[in-house]
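Contents: one structure, followed by commentary.
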Amino acid sequence: MTKKKIFLYSLITISILLLYIAFMVSDNNELSLKKADGELTLKETIVLGLNIAEKWDENARFYKLTSSDENKGGSRGETGKRYDWNLFFIVPGTDKHLLVGISKGEIDLEREIIGPKNEMPIDLDDIQLDSPKLLKIVRNKFDIYKGEEWATGYHFTLDNIDGKPVVTVVGIDKDKLFTKVDIDPKDGKIIGAVHKVPKGGELISISSKTNTPKILKTQMDIKGVSANGDNLVTWGDKKPSSYDLVNQPFIEFSNDNGETWTALNIHKSIEKSWFNSKNELYVATESELVRIKNTDVKMKSLLTLKTQLEKIDYSANDITILSNKNIYTTNDSGENWNKITEPEPVLFLQVSEDGNLIILTHERRILLNNGEKWIKIKLPTNEHELSDLKVIKNDLFLIMGNELWVYNLKNMRLNKLTTTMQISQLVKKGDKLFGISAEGNIYSINKGGGSREHITNRLFSIGDKIIADVETTQRGIFIATRPDFIWEEVK
């Protein structure tokens, strides 16, 4: 080999080595410069994680990465950087995995776990473009914006899809729909883009005379419906984008059984609404309870909260509200209120006809407050199977496993409701109770002839729709359904 060729090969080898060193050094230098604010790019995160993984096992290989949601502020991905990341490493051919968590430029989690042996490592040479550049390409191609409320900002994942490294940029589109764009980190080529689109969501009326369904509202998130005679109220979101956000909250009133509707001047997310025996309308928003007289559009504020309304229930003149570990109660329709402290984190909150509070805690304990103290209700069954709980008058209805039970608060007796159907969801409307099966069958659950007997009547079958609420009048049934969200290709 001539000296000229040897020199040329040496030069090429040195150049490649210098490029590799430059990549690592520049990444590390940039990393050290950025540690002041703690936000890292995708590649900076991998470099930092590799340092830990190679100390864990010299054969460790990187195979997956994802950013994590947090409330630390910063750019929240708008610069292609995030505070919190999770990385995954594997020792090839084994089930040894390492999870590395990074927060604000520092390692805050290092955990060895057992996983599948066939995870395919990602070659770092295939990650030529970093997250700021990849985000710029995606934003130039699509109208994608920072996520709101949950999964805030832009998020990034890197994984093997069909044997090829793919970065996914996550955000929302102009309609606030959850959106994902896949991009090749080697050349910046867009692989695909999808967003989660709502399908369905209706207010359905079923006449007692014809038993024929009629669609009163469609392509909305109908969260609830209540009635009193021919008066109806319904509420929800006119432009749903997810179950967690409310884009265009609405509440509308009808005095002709749903033929025509009038929008109420409330532009907040509605939690619940109902009529009392005087035909007065109660509306609970995310932070306030108001009352509206049928002949007067003027609203009277009954309770204003400084924190989010989390749960609410009512029975006759009794109303109870949970907010920020405080339970507010009234027994005079909201004129006067008492406040007690939440004894344990609450899953369900109910109030009986006698004004007793009943809660189901996260530990699956049923507690009753009789105005003086909390008493644990002991059930001779497996309470850990308890999935739903509603109180009608003084009967406590419980779904445990695939069975429906009734506990009487006065005589403290528990009875199993004999029925062939399996109820998966209970809907309470004043002193009426409905059961929903997994197949979309709607049943009314009523007191039977004996003091401990209950009967179930099948009212209607709605199929695979997502039922949010049910109401009945002399004229028929009203069913509120929510949309399902499915992935569709971005056009």
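The values are calculated or read from the model by the stated rules, or taken from the named source; none is laboratory data. Only a predicted model underlies this, so the values are computations on that prediction, with no experimental measurement involved. Counting neighbours? That spans all protein chains shown, and the Cβs are built from the backbone with ideal geometry, glycine included. Side chains included, ligands, DNA and RNA excluded: accessible areas come from the protein's heavy atoms. Shrake-Rupley method; radii C 1.70, N 1.55, O 1.52, S 1.80 Å.
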**Study point:** Flagged links, alpha-carbon separation over 29 Å, of Lys64/Lys133; Lys378/Lys447; Lys209/Lys268; Lys217/Lys393; Lys43/Lys141
**Key:** Lys209/Lys268; Lys217/Lys393
Point to revise | Alpha-carbon centroids, region 345-367 and region 154-215: separation in whole Å | key: 37
Exercise for review: Apply the Karplus parameterisation 6.51 cos²θ - 1.76 cosθ + 1.60, with θ equal to phi minus 60°, to every residue of region 341-353 and state each ³J(HN,Hα) to the nearest whole Hz, in sequence, with x for glycine and proline.
Suggested key: 8, 4, x, 8, x, 9, 8, 10, 10, 9, 10, 8, 4
Revision key, fill the gap. Once Arg82, Arg61 are ranked on solvent-accessible area with the largest value leading and a 1.4 Å probe, the list reads Arg61, Arg82
Review point. Roughly how many whole Å is it from the C-alpha centroid of region 454-491 to that of region 263-320?
Key: 24
**Study point:** Across Lys223/Lys300; Lys55/Lys96; Lys238/Lys278, pairs whose alpha-carbon gap is larger than 18 Å
**Key:** Lys223/Lys300; Lys238/Lys278
Review point. At what distance in nm do the modelled label points of Asp175 and Lys117 sit from each other, each positioned 7 Å from its Cα along Cα→Cβ?
Key: 4.7
Point to revise | Positive-end extreme of charge dipole, the chain - chosen from Asn279, Thr210, Ile358 (charges on Cβ) | key: Thr210
**Study point:** Identified option (computed Cα extents along the principal axes in Å; candidates [x] 117, 62, 39; [y] 90, 89, 44; [z] 106, 50, 44)
**Key:** [z]
Review point. Nearest 10 degrees, 0 to 90: what angle lies between the long axis of helix 131-141 and the longest principal axis of the chain (Cα atoms)?
Key: 60
Study note, to complete from the structure: For region 222-235, Karplus-derived ³J(HN,Hα) couplings (6.51, -1.76, 1.60; θ = phi - 60°; whole Hz; x for glycine and proline) come out as 8, 8, x, 8, 9, 9, 8, x, 8, 8, 10, 9, 9, 8
Exercise for review: Add +1 for every Lys or Arg and -1 for every Asp or Glu among the other residues with Cβ under 10 Å from the Cβ of Asp464, and state the total.
Suggested key: -1
**Study point:** Electrostatic dipole magnitude of region 52-91 [Cβ: Lys, Arg +1; Asp, Glu -1; Cα centre; debye, to 20]
**Key:** 120
Check your understanding: If packing is taken as the mean number of other Cβ atoms within 10 Å per residue, what is the order of 338-350, 44-56, 472-484, highest first?
Key -> 472-484, 44-56, 338-350
Review point. Using helices alone, what [θ] at 222 nm do you get for the chain, with -39,500 (n - 2.57) per DSSP H run of 4 or more residues, divided over all residues and rounded to the nearest 500?
Key: -4000 deg cm²/dmol
Check your understanding: Ignoring ligands, DNA and RNA, what accessible area per residue does the chain give at 1.4 Å, in Å²?
Key -> 51
Check your understanding: In what order, largest first, do Tyr243, Tyr83 sit by accessible area if the probe radius is 1.4 Å?
Key -> Tyr243, Tyr83
Exercise for review: Kindly work out what percent of the DSSP beta bridges joining two residues of region 212-300 are antiparallel, to the nearest 5.
Suggested key: 100
Study note, to complete from the structure: Scoring only Lys, Arg, Asp and Glu (+1, +1, -1, -1) among other residues with Cβ under 10 Å from the Cβ of Ile423 yields -2
Review point. When every alpha-carbon pair in region 97-209 is counted, what percent end up more than 23 Å apart?
Key: 47
Review point. Suppose every K and R has +1 on its Cβ and every D and E has -1 on its Cβ; what is the size of the dipole of region 172-251 about the Cα centre, in Debye to the nearest 20?
Key: 160
**Study point:** Relative contact order (percent, whole number), region 279-363, Cα cutoff 8 Å, 6+ residue spacing
**Key:** 18
